[in-house]
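S.K.: Would you mind keeping the following structure in view while I ask a few things?
Coordinate-derived values only; no laboratory data. Everything quoted here is computed from the prediction, not taken from an experiment. We place every Cβ from the backbone using ideal geometry, glycine too, and count neighbours over all the protein chains shown.
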Amino acid sequence: EEIPGRTAVKTYLIEAHPPDSGTDGKTKLLGQLAHQLGAFVKETDDPDLVEIDVPSKQAAQSEFWCDTSMGRFWRLHTIAKVDPADRFSDQLTGASPWLDKVWLPPRYLRDLPTHLGGRMQTFSLRHNRRSLRPNKSHLGELDFVTMRLWASDAASRLAKLQESDVFPHGLSMSSVRLESGRDADDEPLCVAEYFHHGKVTVTGNSFDEH
């Protein structure tokens, strides 16, 4: 989700197990995959940071930066628009058995405010069991749910949902949005939304808070 007139910073979390260990192995794997996808890899002054340029017929090329400094967990950063950014991330992780998205479980998303110290602004619920039922006419009342809630105290609303029997089989959390900083209007601010499939979108005015 983009804010009108502003493109959010996007980070895609990737779990990587390149067949060749070491920095050269990471760069080699990224180079091979980029070539398959029609993209170009450029090494940088930082051995753990690789630039990937993705050409586009409709607009200027999109630039991505892959940070491999966290071992098997890579971070793919970009300020490209959401559609080409999501598409390239999907293509990259789908092009090799050595890469996969980092899947964040519902409990991890729920507990992020405690771990990171931010304030929950929004949470989203989403699940769909319709494909598991061959006869769509016998769907249960909670076989598919999509819900997004904004609240001044979203964390307490989420806790009340969990304590109730509205969703007896548990909550399938899709994302949470956290705000950090800005105890006053003129102080630094960062708003980050964390998705269950390892995507993080960030807006604000503070790299330190990010």
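S.K.: All other residues with a Cβ under 13 Å from the Cβ of Gln32 taken together, and with Lys, Arg as +1 and Asp, Glu as -1, what is their net charge?
M.R.: Working: positive: Lys26, Lys28; negative: Asp20, Asp24.
Once positives and negatives cancel, what remains is 0.
S.K.: Let me ask something else about it. Taking square-rooted eigenvalues a ≥ b ≥ c of the alpha carbon gyration tensor, is region 1-104 rounded, prolate or oblate, where a/c under 1.5 means rounded and, failing that, a/b exceeding b/c means prolate? Mind dumping the intermediate values first?
M.R.: Values: a/c = 1.68, a/b = 1.49, b/c = 1.13.
Prolate.
S.K.: Under the Karplus relation 6.51 cos²θ - 1.76 cosθ + 1.60, θ = phi - 60°, what is the ordered set of whole-Hz ³J(HN,Hα) values for region 79-89, x standing for Gly and Pro?
M.R.: Residue by residue, region 79-89 yields 10, 5, 5, 4, 5, x, 5, 4, 5, 5, 4 Hz.
S.K.: Local charge sum around Leu13 (other residues, Cβ-Cβ under 15 Å, Lys/Arg +1, Asp/Glu -1)? Let's see the in-between values first.
M.R.: Working: positive: Lys10, Arg72, Arg75, Lys101, Lys199; negative: Glu15, Asp67, Asp86, Asp90, Asp100, Glu193.
The answer is -1.
S.K.: Taking amide H atoms as placed 1.01 Å from N in the peptide plane, list the residues 5 or more away in sequence, or in a different chain, whose amide H sits under 5 Å from that of Gln61.
M.R.: Ser56
S.K.: Still on this structure, I have one more. For region 62-68, in order, what is each residue's ³J(HN,Hα) by Karplus, 6.51 cos²θ - 1.76 cosθ + 1.60 with θ = phi - 60°, in whole Hz (x at glycine and Pro)?
M.R.: Each residue's phi maps through the Karplus curve to give 9, 10, 10, 10, 9, 9, 9 Hz.
S.K.: Using a cut-off of under 18 Å, list every residue of region 75-113 whose amide N is near the label point 7 Å from the Cα of Asp48 along the Cα-to-beta-carbon line.
M.R.: Taking a point 7 Å out along Cα→Cβ of Asp48, the residues of region 75-113 whose backbone N falls under 18 Å are 75-78.
S.K.: I would also like to ask the following. Counting only residues 5 or more places away or on other chains, whose amide H sits under 5 Å from the amide H of Phe144 once H atoms are built in the peptide plane?
M.R.: Correct list: Arg129.
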